[in-house]
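Report on the following structure.
Taken together, the values in this text are just the output of simple stated rules run on the coordinates, not laboratory data. What you see is a predicted model, and the numbers here were worked out from it, not measured in a lab. Note: ideal-geometry Cβ built from the backbone for every residue, glycine included; neighbour counts use all protein chains shown.
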2 protein chains.
Amino acid sequence: ATDIHLGYLEKDAIRGNDTYDTLNEILECAKTNQADFILLGGDLFHENKPSRRCLHSCITMLRKYCMGDSPIHFNILSDQRVNFNTTQFPWVNYQDENLNISIPVFSVHGNHDDPTGAEGLCALDLLSASGLINHFGHSQSVESIEISPILMQKGNTKLALYGLGSIPDERLYRMFVNNKVTMLRPKEDQDKWFNLFTIHQNRSKHGPTNYIPEQFLDDFLDLVVWGHEHECLITPTRNEQQLFYVTQPGSSVATSLSPGEAAKKHIGLLKVKGHKMNMQKIPLKTVRQFFIQDVVLADYEDLFTPDTPQVTKKVEDLCYAKVTEMLEQAERERLGCPLTPEKPLIRLRVDYSGGFETFSTSRFSQKFVDRVANPKDIIHFLRRREAMDQQDTQVEDLVKQYFEAAEQKGQLSLLTEQGMGKAIQEFVDKDEKDAIQELITYQLEKTQRHLQARGVTTEQDIDAEVREDSKKNTTEEDNEIREAMNRAKAHRLERGDDSVDAGISDEFADVNMDSDEGSVPFPAPTRGRGRGGRGRGGRGRGRGELS
Amino acid sequence: ATDIHLGYLEKDAIRGNDTYDTLNEILECAKTNQADFILLGGDLFHENKPSRRCLHSCITMLRKYCMGDSPIHFNILSDQRVNFNTTQFPWVNYQDENLNISIPVFSVHGNHDDPTGAEGLCALDLLSASGLINHFGHSQSVESIEISPILMQKGNTKLALYGLGSIPDERLYRMFVNNKVTMLRPKEDQDKWFNLFTIHQNRSKHGPTNYIPEQFLDDFLDLVVWGHEHECLITPTRNEQQLFYVTQPGSSVATSLSPGEAAKKHIGLLKVKGHKMNMQKIPLKTVRQFFIQDVVLADYEDLFTPDTPQVTKKVEDLCYAKVTEMLEQAERERLGCPLTPEKPLIRLRVDYSGGFETFSTSRFSQKFVDRVANPKDIIHFLRRREAMDQQDTQVEDLVKQYFEAAEQKGQLSLLTEQGMGKAIQEFVDKDEKDAIQELITYQLEKTQRHLQARGVTTEQDIDAEVREDSKKNTTEEDNEIREAMNRAKAHRLERGDDSVDAGISDEFADVNMDSDEGSVPFPAPTRGRGRGGRGRGGRGRGRGELS
């Protein structure tokens, strides 16, 4: 499995338990199927710093399902100190004499739960220090990467498990190009090994170097388990050039309301014997249904045109009918699935270009508040692209004006307009929830240090200090902001937000600031035709939703 | 042990490892002495949300020292589902068949690592979910408390271990007064049990109801292990009224530069046999030395008066000599103690009342930057109390003026003046590091929700929204601020900041905004005379440093 995104929307009254229920299902499934081990392709956690509830739940589930008396039937032949290098316990958890492990979990980290801080620790490392998982594929160097496989043997089957935790795509791309990525192989009996590689990167092209082409990967591999991409394309597909297979399990939760996420979610039960493998797709029962449909208003000439009296009402009625239809379909499909949450996710993308007007989505939402899991954002209005690049910086500009006006009035703000603008932009983009907070904390702490250090006691002093402060620290601050912006941009790029990615044209653009949307070419497929829509945008295989 | 405050100042270049080294020492000590179990009196963590490094280190040390093959020699006879009620594994960790525990740790939570959030989980619960500790004494009700002991037996010795995690003192005081606190006792052989109670509350009186009088505790107890108070008073003292003993281990790290923290730090090896007990004091070797001295300038009439030429230089020279003297003493005492950190903590409290002036502490600090662990705050200038109450709200008032001025100029701020003022006040008080951040996050998220929900796109709109917002939410916000203020006040009170605690007079007051200082009656004892100074303030036993 991959991209479980534990904790995603955990505070949502309706969807708050979704990721927890699904992790539970996945672990239970592994237990029921007596899996030798669980392999996770990254982003087990949605937040880099998971909440206490999130960690507590995860620990509890792992302890419940992965500890016990079932014997482990495979051996590890490689140097475990090299394989497991992020804790003071550099060995696989099931060989720890103080832990009774029934199902070892092996996981690389994703971009959401990547290592941070001076210690280079990630949330997974709390679990591995506790002995609950085995975090592997963590490269300590940023210059070059040597991937040393975990060599496993069960009976006569030998599995070399390679892994690489998430690295910014462009950096990894460069390293591949410069021959800085090496996959080590056992010296003896090289042909006897089934070589499995777990990676968490862009698989689809988001820019010239902002993905990892499959061709970069060694051709001695047998199977690549590709994380990060959220669309379930779990059936292994053959790369005819490299002669290996790629399986893309996809996320187990929809973190955006885009077509790729509407594909039915699965995990896989992979069986390997010698060089043969079989991947059994296992549909997840606890995943909330998600239906998406597109409506192009201009296609309904027989019903209305922009000039039709009360056209907006008619448009709204059409949308109401479409949503109702999806809800009925959802209900039919959910029959006999007691584990599936009652309320589905529904998205109707409405292309209103050609002179139509939008209607009030809040009033529309009210009609479905009891039946849909995402009542507030069912409708998504789109238009053909119109000067999208301008919109991208709109909020930032507004904030800038706002602060400039304040400055002219003689009002000094604790927060610089530049920093604030960028921070709000990132906040709007939603991928950088911490940006504002980090910036403000940084600014205020800086100010506070001054106040304390200089014994500031009068209003004038505070004013002067802040004024001086805002002059002095521009370089440092600029760097911090630039870095934050780069992070935010990288997030947007990896989300597939084409408005930033000038390299890939897209004839449609979002009008709403609905940022959890990857702008997949439109019109897009409805559920069950997950791959059909991609052709139109002219993109290759692997174009999916990611996060 | 108690009040280990793991993670305190972990980012400090000099002191950053102190708490980690000392936890390591404590655990090692338990192992060396083959302790049956480790009992912690709360505040294992300094932060309610410990950093990743902090959790990772703690997990690593617990796994290293508390797991292993040493057999456990005692049994638990009580209902463990009642004793351990915070995880899905309601049993003592050493009886878990999947964990090999050599030293079980039992801990109540403190005020620093207390449960929060809808789930009522605290950082300890991550450890207990992992099976690394046994969190007990967590009362789920706020109405009444029933403390059900962990009943242990080793040979013929029966130990009833009662525990109560930190609760706001005033609330717990009220519950005691209203007979809402019940300590359950085994029905049979009541006299055979050694009754030990672990509590984490104010022991010294910080206000009429802002502490827990020993007299409130049941007289069937044999020993009370009192956490929260930082001064090491570990030798059990007898309460002649209740006929039980109280041991106050004190913190294992100085979290303030006040006299109580200068007492040598110890942990205790408690041996219980039948009704007999013995407490062996074990000095901690890894604790950074801390020396504190007081200088009253008016006492040096033979050397100088405020009118002496270059008197400030002479004062500085005197202080220099005093600090040097303390440094020499520190070095002598550190001889032969390789585990003790090189640089000591030094505090010189200078009473400059009577017309003297202060000198530049930053220049002074420079002289000791290589020899003292806290060069920046060696000197602490004091004066006899002069309208201290005014000073207490000074910063808040200034910020208020600042924002009011802004308001008059037509400048609207995203942050209300009231909220900001309170938040900064709390920030200055340092006990509420999160206050500003929380407030701002709250305000910005609120604003952001409006912006998104209403599709705000113009500067005027933002302005209007913010204006409207600041009107509407005053009640909600007021409540939040009031709550935050109460928290901050409680912190100040428990710190012993008399400027807030009008009930206890103190003839001296701090002038600096050095908030890590508990204003213990002055003049105060130097190291080794930890209890001597308390008499002057007219306070009872147990007056110590706490955090």
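Summary of values
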quantity: Protection proxy ranking of B:145-156, B:261-272 - average other beta-carbon atoms within 10 Å, highest first; calculated: B:261-272, B:145-156
quantity: Antiparallel bridges, percent of DSSP beta bridges restricted to the stretch B:119-241 (to nearest 5); calculated: 25
quantity: Relative exposure of B:368, B:220, judged by other C-beta atoms within 10 Å (fewest first); calculated: B:220, B:368
quantity: Inter-probe distance in nm under a simple model that places probes 7 Å from Cα toward Cβ, at residue A:189 and residue B:88; calculated: 3.9
quantity: Prolate/oblate/rounded label for the stretch A:120-267 (Cα gyration tensor, a/c 1.5); calculated: rounded
quantity: Cβ-derived FRET efficiency at R0 25 Å, residue A:28 paired with residue A:235, nearest 0.05; calculated: 0.60
quantity: Euclidean distance between Cα centres, the stretch B:234-265 to the stretch A:223-267, Å; calculated: 60
quantity: Selection from B:115, B:73, B:163, by position along the positive dipole direction of the stretch B:18-283 (Cβ); calculated: B:73
quantity: Percent of C-alpha pairs per 10 Å bin, the stretch A:18-283, short to long; calculated: 7, 31, 40, 20, 2
quantity: Listed residue pairs exceeding 31 Å between alpha carbons, taken from A:11/A:265; A:158/A:205; B:11/B:313; B:49/B:154; B:180/B:205; calculated: A:158/A:205; B:11/B:313; B:49/B:154
quantity: Where labels lie 7 Å past Cα in the beta-carbon direction, separation of residue B:156 and residue B:96 in nm; calculated: 3.6
quantity: Averaged over B:57-63, number of beta-carbon atoms from partner chains that fall within 10 Å; calculated: 5
quantity: Given charges at Cβ of Lys, Arg, Asp, Glu: the stretch A:1-94 dipole, positive-most of A:60, A:45, A:27; calculated: A:60
quantity: Dipole magnitude (debye, nearest 20) for the stretch A:70-202, charges at Cβ of Lys, Arg, Asp, Glu; calculated: 380
quantity: Magnitude of the charge dipole, the stretch B:18-283, Cβ model with Lys/Arg +1 and Asp/Glu -1, debye to 20; calculated: 420
quantity: Rounded, prolate or oblate (a/c below 1.5 giving rounded, otherwise prolate when a/b exceeds b/c) for the stretch B:1-137 by Cα gyration tensor; calculated: oblate
quantity: Burial ranking of peptide ranges A:128-137, A:175-184 (average Cβ count within 10 Å, highest at the top); calculated: A:128-137, A:175-184
quantity: Two-site label geometry, residue A:64 and residue B:116: point separation in nm, points 7 Å out along Cα→Cβ; calculated: 2.6
